[in-house]
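The values are calculated or read from the model by the stated rules, or taken from the named source; none is laboratory data. Please read these numbers as outputs of a predicted model, since none were measured by experiment. FYI the Cβ positions are ideal-geometry reconstructions off the backbone, even for glycines, and counts take in every protein chain you see. Surface accessibility is based on the protein's heavy atoms, side chains included, excluding ligands, DNA and RNA. Shrake-Rupley method; radii C 1.70, N 1.55, O 1.52, S 1.80 Å.
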Amino acid sequence: MEQNVSNIKRLSNPIAYILSVCGFFVLLFMVIGSVYYATVAVDYQWRWFKVPKYFIYKSTITLYAEGFGEIDTIAANKAKYDITVTTDTGKRTYTVPEGTFDWTEGDMVAPGDIIASYEGGWKPGILAKGLWVTLKISFIATIFGILLGIIGGVARVSNTPVLKWSAMAYVEVIRGSPLLVQIMIFYFVLGTTMNKILMMNGIPKLDAEWYGIMALSVFTGAYVVEIVRAGIESIHPGQVEAARSSGMTYFQCMFHIILPQALKTILPPLAGQFINLIKDSSLLGMISIRELTKATREGITTSLQTFELWILCAILYLLMTFTLSMCVQYLERRTATK
Amino acid sequence: MIDVISIYKTFYVPHEVKALVDVSNKIEAGEVVVVIGPSGSGKSTFLRCLNRLETAERGQILVDGVDIFDPKTNINTVRAEMGMVFQSFNLYPHLTVQGNVGLAQKLVRKRPKKEREEKTRMLLEKVGISAKAKAWPSNLSGGQQQRVAIARALAMDPKIMLFDEPTSALDPEMIGEVLEVMKTLAKEGMTMVCVTHEMGFAREVADRVIFMDEGMIVEEGTPEKFYKNPTHDRTKLFLKQIL
């Protein structure tokens, strides 16, 4: 959907138009080029080849002896070998591939001796895991955010003081304080008390992840309340009159007439809100949830590839938000045809 | 059937306007009543009070003996018996023509799907629009939309139909088709209250014409008497202006 300020065309000359397009790319290369030049000037060593292992890597499995003892038997088991070891902690059998050990039957072992070391399967790296956590948290928080927002939005436009004022108080309180502070309160205040109560009743305590999801849902929900309210108020009152005059109840009218129509108006601001949610999830690293940002930080402490990993981190967030905004644009086009 | 007993209504926003002042009237079953009057005379407010889209601040309205302003009255059951047609059609834009006619049947009358579809088909045929059953309201002309709106109101099998200037928003060439449907309804014996300036319609089917001005019923009578020999000066002036 191309929307112009007016139909009067500037740059009617095709050459001027092409020059203008070229100008864009020149600008783009200048920005990227100057950043690259600056990093080279400070002697930064770009090592992009080190990056893939943060997504997927081949794990190494190392088996250690658990106590003093000796190798009992080494027996072939299909393509592998069974090594049975008896130590002072008991008898154990390890199944390992050929050529990954250097023992004969009767050898003595001490605790910490390497029994075998071989390559395991492919494993997701720290960034892949972080990406997964970010996606999972954002997805769950989005669903709860929508639920809270719709309930709150419907309450916000009602005439009943208990509903209306609760919704208003919720929105004002949540919008008036920083998300980081709210995350801290959810984890350190609510989390501590709730976990204690859960433990006292013999229920296992909740993960930090769940408190993070709660904080994000409640935060996003407050903004969605206002979006839903604006959507509901954008519906022509005639729609309500038509529905109510045919005998529908308030809630039938709300869920069959108003909300389906409001959805079209609220979709674009809603998408913006959920893009913010994905980005805001980066704050959850503060309560030791290993999402993408925290995973990147941890990756850097081991690799020291600061530039590559932070740029990559940003690109990954960009991919997520861009995909989401594409999906919403598709939805918008579908609802617009009606 | 409808008993209006001395109702008052004042609007305070944007400024104080006395919309209804001591309005009383009695509408019998099977009667077709046409309400006319200059803009701001309270005729729409009067109509909207009949199914409590507006609440009067004083007075009573009894529909089949039920006081509709009584907080204990379940207004939804009263409204289900009163179909309403609006000036701006107010079709649900997110539903097809079928969906528009079928929704309240499903939610309010709890009719099974089969029965609903049958009723919808029959009504669309009646208003002459069965070919457009699967169309979206935005693809229909004003006249077609208003006919769907009438079918939607009729789907509830109402005892009374309220029309709030049903032809005022239509292009001139589409007024006829809507009036035709309304005339058929009137001849079938439907109780109707119509706010409209269509004199032809009033002359042909109305039993009574009510003229309102400044929130009061100034004059009422049969169409012949009303249009030919109005007694009140205000009525004479108004009729001179619209004719």
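Only one of A:Ser138, A:Ser177, A:Ser158 is within 26 Å of the chain's Cα centre (by Cα), open to solvent by less than 20 Å² (accessible area, probe 1.4 Å) and of a type in the set (Gly, Ala, Ser); which?
Exactly one residue qualifies, and that residue is A:Ser138.
Criterion first (more than 28 Å from A:Thr60 (Cα to Cα), assigned to a helix (DSSP H, G or I), acidic (Asp, Glu) and open to solvent by 50 Å² or more (accessible area, probe 1.4 Å)) does A:Glu172 satisfy it?
In short, yes.
Taking the range B:140-179 only, how many residues are of a type in the set (Gly, Ala, Ser), within 14 Å of chain A (Cβ to nearest Cβ) and either buried (at least 20 other Cβ atoms within 10 Å of the Cβ) or over 18 Å from B:Met84 (Cα atoms) (or both)?
4
Across the range B:8-22, what is the number of residues that are within 17 Å of B:Asp164 (Cβ to Cβ) and surrounded by fewer than 21 Cβ atoms within 10 Å (Cβ to Cβ)?
1
Taking B:Pro137 and the conditions (1) within 12 Å of chain A (Cβ to nearest Cβ); (2) open to solvent by 10 Å² or more (accessible area, probe 1.4 Å); (3) more than 15 Å from the chain's Cα centre (by Cα), which numbered condition does it fall short on, given that it satisfies the others?
Checking B:Pro137 against (1) within 12 Å of chain A (Cβ to nearest Cβ); (2) open to solvent by 10 Å² or more (accessible area, probe 1.4 Å); (3) more than 15 Å from the chain's Cα centre (by Cα), the one that fails is (2).
Could you figure out which of (1) free of Cβ contacts under 8 Å to residues at least 40 places away in the same chain; (2) open to solvent by 30 Å² or more (accessible area, probe 1.4 Å); (3) of a type in the set (Gly, Ala, Ser) isn't true of A:Ser288?
The one condition A:Ser288 does not meet is (1).
Conditions tested, residue by residue: (1) at pLDDT below 85; (2) under 30 Å from A:Ser303 (Cα atoms); (3) touching a strand residue (DSSP E or B) at 6+ places or on another chain (Cβ under 8 Å).
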residue	(1), (2), (3)
A:Ser6	yes, no, no
A:Cys22	no, no, no
A:Ala41	no, yes, no
A:Pro52	no, yes, no
A:Tyr64	yes, yes, yes
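Taking the range A:72-99 as the region of interest, how many residues are open to solvent by 40 Å² or more (accessible area, probe 1.4 Å), of a type outside the set (A, V, I, L, M) and assigned to a strand (DSSP E or B)?
Residues that pass the stated criteria total 10.
Quick one: which residue in B:Glu173, B:Glu224, B:Glu219 is free of Cβ contacts under 8 Å to residues at least 40 places away in the same chain and in a strand (DSSP E or B)?
Being free of Cβ contacts under 8 Å to residues at least 40 places away in the same chain and in a strand (DSSP E or B) holds for just one of B:Glu173, B:Glu224, B:Glu219, which is B:Glu219.
Quick one: what pairs do we get from the range B:102-116, first residue hydrophobic (A, V, I, L, M, F, W, C), second in a helix (DSSP H, G or I), C-beta under 6 Å, 6+ apart or different chains?
Short answer, once both residue conditions are applied: B:Leu107/A:Gln252; B:Val108/B:Ala80.
Being within 14 Å of chain A (Cβ to nearest Cβ) and either open to solvent by 40 Å² or more (accessible area, probe 1.4 Å) or part of a strand (DSSP E or B) (or both) is the filter here; which residues of the range B:23-55 pass it?
Answer for the range B:23-55, where residues must be within 14 Å of chain A (Cβ to nearest Cβ) and either open to solvent by 40 Å² or more (accessible area, probe 1.4 Å) or part of a strand (DSSP E or B) (or both): B:Arg52, B:Thr55.
Does A:Lys294 satisfy being under 21 Å from the mean Cα position of the chain (by Cα), part of a helix (DSSP H, G or I), surrounded by 15 or more Cβ atoms within 10 Å (Cβ to Cβ) and at pLDDT below 95?
So A:Lys294 passes the test.
As an exercise: evaluate A:Lys123 against (1) free of Cβ contacts under 8 Å to residues at least 12 places away in the same chain; (2) open to solvent by 70 Å² or more (accessible area, probe 1.4 Å) and give the number of the one condition it does not meet.
Going through the list (1) free of Cβ contacts under 8 Å to residues at least 12 places away in the same chain; (2) open to solvent by 70 Å² or more (accessible area, probe 1.4 Å), A:Lys123 breaks only (1).
Any idea how many residues of the range B:56-85 are touching a helix residue (DSSP H, G or I) at 6+ places or on another chain (Cβ under 6 Å) and within 11 Å of chain A (Cβ to nearest Cβ)?
Here the count works out to 4.
Every residue in the range A:189-211 that is under 14 Å from A:Gly285 (Cα atoms), in contact (Cβ under 8 Å) with a residue 12 or more places away in the chain and not hydroxyl-bearing (Ser, Thr, Tyr), please.
Answer for the range A:189-211, where residues must be under 14 Å from A:Gly285 (Cα atoms), in contact (Cβ under 8 Å) with a residue 12 or more places away in the chain and not hydroxyl-bearing (Ser, Thr, Tyr): A:Ala208, A:Glu209.
Name every residue in the range B:8-22 that is of a type in the set (A, V, I, L, M, F, W, C) and in a strand (DSSP E or B), in order of residue number.
B:Phe11, B:Val17, B:Ala19, B:Leu20, B:Val21
I'd like the residue in the range A:209-231 that is open to solvent by 10 Å² or more (accessible area, probe 1.4 Å) and either in contact with a Ser or Thr (Cβ under 6 Å, 6 or more places away or on another chain) or among the charged types (D, E, K, R) (or both) and, out of all such residues, is nearest to the other protein chains (Cβ to nearest Cβ).
Step by step, filter the range A:209-231, then rank; the result is A:Arg229.
Only residues that are away from chain A (no Cβ under 13 Å) and out of contact with any Lys or Arg (no Cβ under 8 Å at 6 or more places or on another chain): list them for the range B:124-134, please.
Hits for the range B:124-134 are B:Glu125, B:Lys126, B:Ala131, B:Lys132.
B:Ala80 versus (1) open to solvent by less than 10 Å² (accessible area, probe 1.4 Å); (2) touching a strand residue (DSSP E or B) at 6+ places or on another chain (Cβ under 7 Å): which is the lone unmet condition?
Condition (2) is where B:Ala80 drops out.
Which residues, counting only those in the range A:35-44, are surrounded by 10 or more Cβ atoms within 10 Å (Cβ to Cβ) and over 10 Å from A:Glu308 (Cβ atoms)?
A:Val35, A:Tyr36, A:Ala38, A:Thr39, A:Val40
How many of the residues making up the range B:176-194 are part of a strand (DSSP E or B) and of a type in the set (A, V, I, L, M)?
Residues meeting the conditions: 2.
Can you pull out every residue in the range A:232-282 that is crowded, with 18+ Cβ neighbours inside 10 Å, of a type in the set (S, T, N, Q) and facing chain B (nearest Cβ under 10 Å)?
Of everything in the range A:232-282, those that are crowded, with 18+ Cβ neighbours inside 10 Å, of a type in the set (S, T, N, Q) and facing chain B (nearest Cβ under 10 Å) turn out to be A:Gln239, A:Ser245, A:Ser246, A:Gln252, A:Gln261.
Scan A:Pro237, A:Pro268 and give me the residue that is under 26 Å from the mean Cα position of the chain (by Cα) and either within 30 Å of B:Asn90 (Cβ to Cβ) or of a type outside the set (Lys, Arg) (or both).
A:Pro268
When the residues of the range B:92-110 are filtered to those that are open to solvent by 10 Å² or more (accessible area, probe 1.4 Å) and part of a loop (DSSP other than H, G, I, E, B), which remaining residue is farthest from the other protein chains (Cβ to nearest Cβ)?
In this case the residue turns out to be B:Lys110.
Which one of these does A:Glu66 not meet: (1) open to solvent by 90 Å² or more (accessible area, probe 1.4 Å); (2) part of a strand (DSSP E or B); (3) not aliphatic (A, V, I, L, M)?
Answer for A:Glu66: the failing condition is (2).
Determine which single condition B:Ile5 fails, assuming it passes every other condition in (1) in a strand (DSSP E or B); (2) open to solvent by less than 40 Å² (accessible area, probe 1.4 Å).
(2)
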